[in-house]
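Novice: Next up is a structure, given as structure tokens.
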Amino acid sequence: MDKKELAKGSISYREVVAQGIGGAAPAMASLVTLTGAAAYSYGALPLAVALATVAVLLDATRLSITSRYIQSAGGIYAFISEGLGKRWGYLIGWAYVLYALTALVFIFLSVGVFLPGALEVLGVNAPSWIWAPLVIFVALFGGVLSYLGIRPSLRFTLIMSILEIAFILGTSLLIFTKVPPDPSTFTLEYAPDHSMFNVGVGMAFVFLAFAGYETTSVLGEEAVDPKNTITKGVFTSAFLVGITYLVASEAFTVGWGVNDMSSFFNELVPGVVLGMRFGGFVLALILTVLLINSGLTDSVTFFNTVSRVVYAMAKDGVLDKRLEGVHEDRRTPHVAVMFSLIFSLVYALAFSAVIGPENVFLAVGITTTFGFLIALFTANVSLLFILRRFNSLNWWNVLLTVVINSILSFVIFANVVTTAINSFVLIGVSTFVVWMIAGVIYGYVRRVST
């Protein structure tokens with residue numbers, strides 16, 4: 001085996017699915033981050049989730065199609081390079097690396113910021129400095145497990161993802177035994193002013209809650225029969241996450257009160273509040289543990305992701321060749337893992353010490369959103385060129401690309417028009433702009449060409 005090769009054929013279909021589920025962090029999203037969608041859709045949250053799930057499954061279909069033709073550790077970077085050329089692949093790959101790195105910071109701070117809120121629901125007052133050791137713990141856990149190997153990291157992720165989904169669905173069913181589902185939540189009846197636009201904005205935020213399911217694409221060099229495994233795995237993970245969100249959003253909406261959802265997003269951890277309301281202290285404690293678990297699995301999957309994209313870009317010569325290093329025994333891109341760990345941890349700690357963890361959380365949320373959406377949008381366009389090269393382009397593929405990119409354009413628009421401009425939002429935007437300018441300069445110096 002080449003010393004610079006990853007562990008080929010070392011992971012199965014179910015482990016690929018675990019990567020996609022862990023990347024989306026369904027427990028974290030269900031318990032916490034769906035509040036962003038509820039802030040606009042109110043009692044029509046399940047409708048917003050249903051619409052977003054359809055959109056994500058369409059996008060997963062696009063990823064599945066692309067994976068039939070391209071299998072690489074570079075994932076979306078490789079897809080774009082194959083379709084649009086090395087220069088575009090490098091530029092969007094550079095943006096995707098920023099997305100994955102700031103997603104790690106976002107994950108660390110998700111635990112650091114939201115866990116104290118969950119503990120408060122349990123009656124425990126955590127010290128104000130608790131965010132720092134939590135950030136370090138989540139970062140080291142994800143980085144070390146990713147360093148140790150793709151199989152142990154995804155075996156952990158597989159078990160924990162199953163537990164996440166099982167307990168979120170179990171909590172939802174418990175709520176349904178006391179408050180029945182309301183089909184009207186899938187209509188505009190409980191939406192603010194019965195407005196489809198508000199539901200659409202909510203849908204845009206739900207779409208972002210799926211971010212991470214696409215990370216299955218980086219396992220193309222390590223999965224057994226990657227042509228079929230990645231193709232099926234990306235769709236399966238998106239589908240399972242979508243089902244979890246649909247059931248949880250309906251249960252949490254009726255459990256909170258369909259006419260009271262205007263207050264849902266005022267709580268830091270509304271899912272844990274509902275756990276306390278319907279299952280008492282024990283269920284609230286279990287959901288708090290799930291919140292931590294979700295952050296840990298998410299950390300592992302994004303370290304797996306960014307390290308492989310950086311490795312692939314270095315192997316192609318568009319990043320420093322020293323980042324191409326593969327551990328001789330563990331067959332992991334250990335140099336890229338260490339780079340990602342140091343970068344993301346220093347970023348999280350240094351900026352949080354200056355402006356506060358809550359504000360860094362907001363800023364990197366903006367940065368992450370731009371990188372994620374731009375990468376997906378460009379990958380969709382790239383698919384058409386890949387299909388044309390293989391004489392497989394048809395009107396269905398063109399229509400699919402137009403529909404998905406129209407949805408992505410709306411998601412970008414919704415985020416722009418609903419984001420209140422403040423200094424921390426500007427920091428998030430500025431980070432993305434400065435990073436891309438640096439990428440253009442770096443690419444020019446390295447003479448990255450088509």
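The values are calculated or read from the model by the stated rules, or taken from the named source; none is laboratory data. Given the structure is predicted, the values throughout are model-derived calculations rather than measurements. Backbone-built Cβ (ideal geometry, glycine too); neighbour counts: all protein chains shown. Please note that ligands, DNA and RNA were not included when accessible areas were found on the heavy atoms of the full protein model with its side chains. Shrake-Rupley method; radii C 1.70, N 1.55, O 1.52, S 1.80 Å.
Novice: Once Lys and Arg get +1 and Asp and Glu get -1 on their Cβ, which of A95, P181, F351 lies farthest toward the positive end of the dipole of the chain?
Specialist: Checked the options; the winner is A95.
Novice: Same structure, new question: Please work out the Cα center distance from segment 129-143 to segment 1-64, rounded to the nearest Å.
Specialist: 23 Å
Novice: For the chain, state the semi-axes of the equivalent ellipsoid (square roots of 5 times the eigenvalues of the alpha-carbon gyration tensor), sorted largest first and rounded to whole angstrom.
Specialist: Taking √(5λ) for each Cα gyration eigenvalue gives 33, 25, 21 Å.
Novice: Given the C-alpha atoms of segment 310-424, compute the convex hull and give its volume per residue in Å³.
Specialist: Dividing the Cα hull volume of segment 310-424 by its residues yields 151 Å³.
Novice: Where the convex hull is taken over the Cα atoms of segment 251-332, what is its projected area averaged over directions, in nm²? Intermediate values should be presented prior to the final figure.
Specialist: Numbers: hull surface 35.5 nm².
Mean shadow area of the hull around the Cα atoms is 8.9 nm².
Novice: Nearest 500 deg cm²/dmol is fine: what mean residue ellipticity at 222 nm does the chain get from its DSSP H runs of n ≥ 4 alone, each adding -39,500 (n - 2.57), divided by its residue count? Before the final figure, lay out the partial values.
Specialist: Values: 14 runs with 329 residues, N = 450.
Calculated mean residue ellipticity at 222 nm is -25500 deg cm²/dmol.
Novice: Label L174 and S423 with points 7 Å out from Cα along Cα→Cβ: what is the distance between them in nm?
Specialist: For L174 paired with S423, the spin-label model returns 4.3 nm.
Novice: Still on this model: Could you give the nm distance between label points at V433 and N394, where each point is 7 Å from its Cα heading toward the beta carbon?
Specialist: 4.5 nm
Novice: Quick query: amide H of E221 versus all other amide H atoms, modeled in the peptide plane; which residues come in under 5 Å with a sequence gap of 5 or more or a different chain?
Specialist: Amide H neighbours of E221, under 5 Å, 5+ apart: S72, A73.
Novice: In debye, nearest 20: dipole of the chain around its Cα centre with unit charges on the Cβ of K, R (+) and D, E (-)? Show your work: numbers first, answer last.
Specialist: Values: 24 positive and 24 negative charges, 287 e Å.
In debye, rounded to 20, the chain gives about 1380.
Novice: Among K8/K315; K4/K232; K86/K315; K86/K232; K8/K86, which pairs are too far apart, with a Cα-Cα distance over 21 Å?
Specialist: K4/K232; K86/K232; K8/K86
Novice: Taking 0.36 nm per intervening residue step and subtracting the Cα-Cα distance, what contour gain separates I130 from Y444 on full extension?
Specialist: Extra length from I130 to Y444 when fully extended: 108.7 nm.
Novice: Roughly speaking, to the nearest percent, how much of segment 192-337's 1.4 Å accessible area is carbon and sulfur?
Specialist: Here it works out to 59 percent.
Novice: Still on this structure: Could you tell me what a quarter of the Cα convex hull surface of segment 212-260 works out to, in nm² with one decimal place?
Specialist: The directionally averaged projection comes out at 3.9 nm².
Novice: Continuing with this model, one more query. Using Cα pairs under 8 angstrom and six or more residues apart, how large is the relative contact order of the chain, in percent?
Specialist: 35 percent
Novice: Could you pull the Cα extents of segment 367-450 along its three principal axes, largest to smallest, in whole Å?
Specialist: Principal extents (largest minus smallest coordinate, Cα): 48, 37, 12 Å.
Novice: Name the trypsin sites (Lys or Arg not before Pro) in segment 1-101 that are in a loop by DSSP and that have at most 16 other C-beta atoms within 10 Å, would you?
Specialist: Passing sites in segment 1-101 are K3, K4, K8.
Novice: Now for a different question. Please identify the helices of the chain, taking whole runs of DSSP H, that span at least 30 Å along their own axis as judged from the Cα atoms and have a mean Kyte-Doolittle score of 0.5 or higher. Show your work: numbers first, answer last.
Specialist: Details: long enough: 45-69 (37 Å, 1.19); 86-121 (50 Å, 1.39); 150-178 (42 Å, 1.34); 226-256 (44 Å, 0.72); 270-315 (53 Å, 1.22); 334-355 (31 Å, 2.17); 357-389 (47 Å, 1.30); 395-418 (34 Å, 1.76); 423-445 (32 Å, 1.95).
For the chain, where a helix must reach 30 Å along its axis and average at least 0.5, the hits are 45-69, 86-121, 150-178, 226-256, 270-315, 334-355, 357-389, 395-418, 423-445.
Novice: Ok, one more. For segment 150-194, report the accessible area per residue in Å² (1.4 Å probe, heavy atoms, rounded to an integer).
Specialist: In whole numbers, segment 150-194 has 53 Å² accessible per residue.
Novice: Could you work out how much longer the chain between F413 and S262 gets when fully extended? Use 0.36 nm per residue separation minus the Cα distance between them, nm to one decimal.
Specialist: Stretched fully, the F413-S262 segment lengthens by 52.1 nm.
Novice: Taking the Cα centre of segment 1-93 as origin, sum charge times position over the Cβ atoms of Lys and Arg (+1) and Asp and Glu (-1), and report the length of that vector in debye to the nearest 20. Present the calculation step by step, with values, prior to reporting the outcome.
Specialist: On the way: 8 positive and 5 negative charges, 52 e Å.
Charge dipole of segment 1-93: 240 debye, to the nearest 20.
Novice: Now a separate question. Computed over the Cα atoms, what is the radius of gyration of segment 155-280 divided by 2.2 N^0.38 Å, N being its residue count?
Specialist: Here the Cα radius of gyration is 1.24 times the empirical estimate.
Novice: On to the next question. Rg over Rh of segment 1-63, using C-alpha atoms and the Kirkwood radius, what does it come to?
Specialist: When Rh is taken as the Kirkwood radius, the ratio is 1.18.
Novice: Taking just the C-alpha trace of segment 1-136, give me its Rg and Dmax in Å.
Specialist: 19.2, 56
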